[in-house]
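Only one structure is covered here, and it is reproduced in the block below.
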Amino acid sequence: VWVCAEVKPNPLQSANLCSRVFFWWLNPLYKIGHKRRLEEDDMYSVLPEDRSKHLGEELQGFWDKEVLRAQRDSRKPSLTKAIIKCYWKSYLVLGIFTLIEESLKVVQPIFLGKIINYFENHDPTNSVTLHEAYVYVTLLCVCTLFLAILHHLYFYHVQCAGMRLRVALCHM
């Protein structure tokens, strides 16, 4: 006889912005994993928006529309077109994340160059350049911190997008 264990509610559903950004909602799972090996009963329930039924039916709707459009235009239906129409918004957001991340990677060396320039042309009597150097150091630190946070958020959401697409395709 197979007994279904009680499923733990997913803490991500009620997590605040700070908890989502720094992945604090996973801390209870990390604590369990630190004490002992994780088991299936330790896992959280799947979020409603990540359930196979929801994802599969959503993509199926776009696929059905694509089949009808293809029949009307006398062509083969394209699964790629159905996927793009279903997921274009989430991939656009991920693209914006990528643009910001790559922009920060370009800006960081510029700030570092300004700091190096300060030390190469050091003038102890000029307090303005010292204050500029402090500004560039602060900007470099903020950029580095923001880049670290953004990179992990981006990676997590890319993995989730891939998981959703795979689940939807498997459901279909």
Candidates Leu130, Leu150, Leu104: whichever shows maximal mean-square fluctuation once the chain is modelled as a Gaussian network with Cα springs under 10 Å | Leu130
Anisotropy class of region 1-102 from Cα gyration tensor, a/c 1.5 cut | oblate
Rounded Å value of the spacing that divides the Cα centres of region 96-117 and region 45-70 | 39 Å
Rounded to the nearest 10 degrees, what's the angle between the helix 52-72 long axis and the longest principal axis of the chain, both from Cα atoms, 0 to 90?
-> 80 degrees
Mind checking the angle between helix 79-120 and the chain's longest principal axis? C-alpha axes, 0 to 90 degrees, to the nearest 10.
-> 10 degrees
Helical mean residue ellipticity (222 nm; -39500 (n - 2.57) per DSSP H run of 4+; nearest 500) of the chain | -25500 deg cm²/dmol
Could you tell me whether region 9-61 comes out rounded, prolate or oblate from its Cα gyration tensor? Rule is a ≥ b ≥ c as square roots of the eigenvalues, rounded for a/c under 1.5, then prolate if a/b exceeds b/c, otherwise oblate.
-> oblate
Mind checking the per residue accessible area of the chain for me, 1.4 Å probe, whole number of Å²?
-> 73 Å²
With every protein chain kept in place and a 1.4 Å probe, the residues Glu120, Glu132, Glu40 fall, from largest accessible area down, as Glu40, Glu120, Glu132
Does the chain come out rounded, prolate or oblate by the C-alpha gyration tensor, with a ≥ b ≥ c the root eigenvalues, rounded set by a/c under 1.5 and, if not, prolate when a/b is larger than b/c and oblate if not?
-> oblate
Please list the radius of gyration and Dmax for region 124-172, considering alpha-carbon atoms only, with Å as the unit.
-> 21.1, 71
Lysine pairs, Cα distance under 28 Å, 8 or more residues apart or cross-chain: how many in the chain?
-> 17
Of all accessible surface on the chain at a 1.4 Å probe, what whole percent is carbon and sulfur?
-> 65 percent
What value does region 109-151 have for Rg/Rh, both radii from Cα atoms and Rh as Kirkwood defines it?
-> 1.09
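The values are calculated or read from the model by the stated rules, or taken from the named source; none is laboratory data. Please read these numbers as outputs of a predicted model, since none were measured by experiment. Just the protein is used for accessible areas: all its heavy atoms, side chains included, with ligands, DNA and RNA removed. Shrake-Rupley method; radii C 1.70, N 1.55, O 1.52, S 1.80 Å.
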